[in-house]
Amino acid sequence: RQGIDPPAMAELGPRSLHDVKLATAREAWLVGDGNLVLTSRDRGRSWVAPEAKLPLAAGASFDFYGLATNASHCWIVGSPGSKVFHCAGGGAEWQVFDTGQSLPLHAVCFATEDRGWAVGDLGTILSTHDGGRSWRIERQGGTRAALLGIFEDARQTPCELIAYLAGDEGYRCVVQIL
C-alpha cells in the first residue's frame, strides 16, 4: 500500500496547531491554541493527550505556540508567556515554571537538558541554565506596544503608516492579521 494516511486524532474544533517536534524516532509532540497538547508514540499516525493532565496553572487561557524536546524532556511556551510547562518521561508528570514576564513566547529551544532559550513578542529573549526552573531576561525591546493594529486582510494593512510610526517615530507597533 502506498501513499500518506491521515493521522488519527480527536476533532480539534476551531483551534489552530502551532508546532510539532519529534522527540525520538517514534515519539512526537504537538501544541496549539486552547491548551492543546498531543503526543504520538507511532511516528504521528495517531495522536492522544499526554498521560497526565496539564496543571491547573494552565487554566483554559493558554495558547501554546512553541515546544522543545531533548531526550525524554518536553518544554512548552505560549501566550501568556508567564509560564513554561515541562515534563519528563512522555508526559507522566508536569511542572510549571515562572518566566518573570508576561509577553507571549513563540519558540523555545534547549541545547542540553539544562541550557535553553525562549523568544517572543517585542524582542523578548529569555535564557535558563537549570532546565527551565528559572528564567532570565536576556533582552526585551519593551513590555508594551504603543500601537496595536488588528486587520482582517493583510492586503488592506496600512503598511506605510505602520512603517512611519514604528520606523520613523520609534513607536513599538504590533499588527495582528485575523
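Given the convex hull over the Cα atoms of the chain, what projected area results after averaging over all orientations, in nm²?
Averaged projected hull area, Cα only: 12.4 nm².
Put +1 on the Cβ of every Lys and Arg and -1 on every Asp and Glu Cβ in the chain; which of 48, 20, 77 then has its Cα farthest towards the positive end of the dipole?
Towards the positive end, the residue furthest out is 48.
What share of Cα pairs, in percent, lie more than 15 angstrom apart in region 86-174?
Everything past 15 Å amounts to 68 percent.
So how much slack lies between residue 138 and residue 51, counting 0.36 nm per residue of separation and subtracting their Cα-Cα distance, in nm?
In short, 27.9 nm is gained.
If you count only protein heavy atoms with a 1.4 Å probe, what accessible area per residue comes out for region 96-178, rounded to a whole Å²?
Ligands and nucleic acids excluded, the figure is 65 Å² per residue.
I'd like the accessible area for residue 15, computed on protein heavy atoms only with a 1.4 Å probe and all protein chains in place. Round to 10 Å², please.
Result for residue 15: roughly 90 Å² accessible.
What number, in percent, do you get for the relative contact order of the chain if the mean sequence gap of Cα pairs under 8 Å and at least 6 apart is divided by its residue count?
For the chain, the relative contact order is 12 percent.
The values are calculated or read from the model by the stated rules, or taken from the named source; none is laboratory data. Computed from a predicted structure; not experimentally measured. With ideal geometry, Cβ positions are generated from the backbone for all residues, glycine too; neighbour counts draw on all protein chains shown. Areas reflect the complete protein model, heavy atoms only, side chains present, ligands, DNA and RNA absent. Shrake-Rupley method; radii C 1.70, N 1.55, O 1.52, S 1.80 Å.
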